[in-house]
Amino acid sequence: MTELRIVPVTDDATVLDWQRVHNEIIPTAPLSVDDIRERATRNVLEVAYAGDVLVGCSTVRPPSEETEAVTVIARILPEHRRKGYGETLYQHCLAKGQELGGKGVETHILATNEDGVRFAKAHGFTEVESYLLPGDTVPFIELHLA
């Protein structure tokens, strides 16, 4: 496995790479460049590369009025799964989440992302609820780390 390089979203290139991964994995809730730039003011957004090849992105949300938990989301493009990149990115996100404090860890996964749901459950997450965003037909699953 090529070593994973994880970098913060700080410029146009990393915003576009983050957008590409997010929108491919979550096609039902695509984000614009402006959406991503706004999220980067509230959350830790990063992109992951194997050498120069984009393999994934992540979001770490601090605790908020909505939840006391930190939210950790690691996304790996389908063609790069099962190579250890998800594990590396997930562990990196957990460490970032611990820096932000909070009571517990949660994640949110599009229900059709069976690989993501399986990964989360294999890492000790349990399903809490599923919900639909306005106008969506595919639910997201909220999971909490047990």
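At-a-glance table
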| quantity | calculated |
| --- | --- |
| Leading residue at positive end of dipole, the chain (Cβ point charges), from Ala29, Ser130, Val72 | Val72 |
| Counted charge near Ser130, where neighbours are those whose Cβ lies closer than 13 Å (Asp, Glu -1; Lys, Arg +1) | -4 |
| Protein accessible area in the stretch 57-146, 1.4 Å probe - carbon and sulfur % | 52 percent |
| Over the stretch 14-56, equivalent-ellipsoid semi-axes from the Cα gyration tensor in Å | 17, 13, 8 |
| Theoretical ellipticity at 222 nm over the chain - DSSP helices of four or more residues, -39500 (n - 2.57) apiece, nearest 500 | -9500 deg cm²/dmol |
| Accessible area expressed per residue, the chain, with surrounding protein chains retained (probe 1.4 Å, Å²) | 53 Å² |
| Label corresponding to Rg and Dmax of the Cα atoms in Å when calculated from the structure given, among (i) 14.2, 40; (ii) 15.1, 43; (iii) 18.4, 64 | (i) |
| Dipole magnitude of the chain about its Cα centre (Cβ charges: Lys, Arg +1; Asp, Glu -1), debye to nearest 20 | 380 debye |
| Linear extension gain, Thr137 paired with Leu31, 0.36 nm per residue minus alpha-carbon span | 36.5 nm |
| Charged-residue dipole, Cβ positions (Lys, Arg, Asp, Glu), the stretch 1-87 about Cα centre, Debye nearest 20 | 280 debye |
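The values are calculated or read from the model by the stated rules, or taken from the named source; none is laboratory data. Please read these numbers as outputs of a predicted model, since none were measured by experiment. Quick reminder, even Gly has a Cβ in these numbers, built from the backbone with ideal geometry, and neighbours come from all protein chains shown. For the accessible areas, the whole protein counts, side chains as well, though only heavy atoms, and no ligand, DNA or RNA atoms are used. Shrake-Rupley method; radii C 1.70, N 1.55, O 1.52, S 1.80 Å.
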